[in-house]
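Student: Mind looking over this structure? Questions follow.
The values are calculated or read from the model by the stated rules, or taken from the named source; none is laboratory data. Only a predicted model underlies this, so the values are computations on that prediction, with no experimental measurement involved. Note that we place each Cβ from the backbone using ideal geometry, even for glycine, and neighbour counts take in every protein chain shown.
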Amino acid sequence: MAKRELTEINAGSMADIAFLLLIFFLVTTTMAQDFGIMRQLPPMQEDDVIEEPETVKEKNVFRVLVNSNDQLLVESEFIQIDQLKDKTLEFLTNKGVFKDEPGVDTHTEREWVRKSDIVQKIANAKGYLAKDQEDQNAKNNLKKYSAKLDAINFFGEYKALIPAALISLKNDNGTSYDMYIQIQNELTSALNELRDELVSKVSRKTYLELDKLNPEERRIIMAVRQIYPQKVSEAEPNQ
Amino acid sequence: MSKFNKGKKKKMQALSTASLPDIIFILLFFFMVTTVMREQDVIVEVKVPDASEIVKIKKRELVDYINIGIPVDIDLYGSQPVIQLDGAIGDLDKIGPWIANNKDARDEAVQSKIVTSLKVDKDTKMRIVTDVKQELRKAEALKIMYSSSAKERTVSAKK
């Protein structure tokens, strides 16, 4: 056998091949862009259940109406979309959250959440559970009040929106989707700003950056949600 | 020979391009990893609105997409906004079975975590969106996301 010397393969064209592949992926690529506003829809109401008209005090409801010309009516007042956030903030923080402040009387009420009350209620729930392990009501209560106690431990005693308070959003069939999203965005933006403010006291992240899977940060999320709950409710569409 | 550069070497050393493929390969790998092949045909044209309060979905495999917009092929599908489910145009009454189908295709443990992402063109009117939302409520697909692209948060007057 003749002894052959190994000739080196010229790798100069390797770059060209790689370039070719690169260009292919450059063209076909679409960056993952699963971003958006998350919402939870309310479950469908059964048809045969006749709903009692809820008696909510007008001042506990922050009404946002938008018509088919994308005009905005908030609390019976024509406003522009860029004013919506401030109006919402006003509603959400009326009369102070951590201390009593003068506010607008036509806006919602708030009630103090006191540590002593919560501790008492937790003790009650535990008492019921000691008697009956399967007491679902007591279990729920325990969970609810523990979350509130957590919130107090993090941020101090606070004034909660009364349960009936809500932001009511109603749109027309002719409203543009863009306008609808802008409204949803402004409402959420007001809420997130308040939440950020709270979170900044205990963490360097913003509210949206907190990670639910991290137990410590999860506690912060839950506490913040107690103090500033998401309260947007959408009107049933007319049939 | 000029008398100024007498002793100096004038020739510049050839730059080695041996590492060029490596650099290209790194770029290549980056794009290979980030790339997502289009899973479905584009039937409707969607330009999503801008929003600032957006969150990112980490588990893409738990997301179903409903596209709503004006068809690309106007001659075939008309010029009114239509609903696209996967690769086909769907009517409102197809949403329920479609949702149920997607649910069955997934593991039981994650069925409650499915998110329906609404990719709706921003010029669409709300009527069709509301109808779709009602269908989703009937089908008990309550977690939804209004797909949006990023923008800056509006500044409130207080600050």
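Student: So B:ALA105 passes all but one of these: (1) exposed (fewer than 15 other Cβ atoms within 10 Å of the Cβ); (2) closer than 20 Å to B:ARG127 by Cα. Which condition number does it fail?
Tutor: Looking at each condition in turn, B:ALA105 falls short on (2).
Student: List every residue pair whose Cβ atoms lie under 9 Å apart, where the two residues are 6 or more positions apart in sequence or sit on different chains, the first residue falls within the range B:147-159 and is among the hydroxyl-bearing types (Ser, Thr, Tyr), and the second residue, located anywhere, is surrounded by 13 or more Cβ atoms within 10 Å (Cβ to Cβ) and modelled with pLDDT under 70.
Tutor: B:SER147/A:GLN33; B:SER149/A:GLN33
Student: Another question, if that's okay. Applying the selection to the range B:43-64, what residues are basic (Lys, Arg) and closer than 23 Å to A:GLN182 by Cα?
Tutor: The answer is B:LYS47, B:LYS56.
Student: Could you grab me the full set of residues in the range B:42-56 that are among the basic types (Lys, Arg) and facing another protein chain (nearest Cβ under 7 Å)?
Tutor: B:LYS56
Student: So which strands (runs of 3 or more DSSP E) are wholly in the range B:64-159 and hold at least 2 residues that are within 23 Å of the chain's Cα centre (by Cα) and within 7 Å of chain A (Cβ to nearest Cβ)?
Tutor: B:115-120, B:143-147
Student: Ok, one more. Being facing chain B (nearest Cβ under 10 Å), at pLDDT below 75 and either closer than 21 Å to A:TYR177 by Cα or within 25 Å of the chain's Cα centre (by Cα) (or both) narrows it down to one of A:GLN33, A:GLN83, A:GLN40, so name that one.
Tutor: Within the list A:GLN33, A:GLN83, A:GLN40, the selection yields A:GLN33.
Student: If you don't mind, another one. Scan the range A:162-180 and tell me whether some residue there is buried (at least 19 other Cβ atoms within 10 Å of the Cβ), farther than 14 Å from A:LEU84 by Cβ and among the aromatic types (Phe, Trp, Tyr).
Tutor: yes
Student: Has the range A:181-198 got any residue that is hydroxyl-bearing (Ser, Thr, Tyr) and at pLDDT 85 or above?
Tutor: Within the range A:181-198, one or more residues are hydroxyl-bearing (Ser, Thr, Tyr) and at pLDDT 85 or above.
Student: Now a separate question. Can you pull out every residue in the range B:62-87 that is in contact (Cβ under 8 Å) with a residue 40 or more places away in the chain and charged (D, E, K, R)?
Tutor: The answer is B:ASP64, B:ASP86.
Student: May I ask you to list pairs of residues, at least six apart or on different chains, whose Cβ atoms are under 7 Å apart, with the first in the range A:120-134 being in the same structural domain as A:LYS148 (by TED's automatic domain parsing) and the second being in a helix (DSSP H, G or I) and among the hydrophobic types (A, V, I, L, M, F, W, C)?
Tutor: Going by the 7 Å Cβ cut-off, the qualifying pairs are A:ILE122/A:LEU142; A:ILE122/A:LEU149; A:ALA125/A:ALA138; A:ALA125/A:LEU142; A:LYS126/A:LEU142; A:TYR128/A:ALA138; A:LEU129/A:ALA138; A:LEU129/A:LEU142.
Student: Would you call B:ILE99 of a type outside the set (S, T, N, Q) and in contact with a Ser or Thr (Cβ under 8 Å, 6 or more places away or on another chain)?
Tutor: Considered against the rule, which asks whether it is of a type outside the set (S, T, N, Q) and in contact with a Ser or Thr (Cβ under 8 Å, 6 or more places away or on another chain), B:ILE99 comes out as yes.
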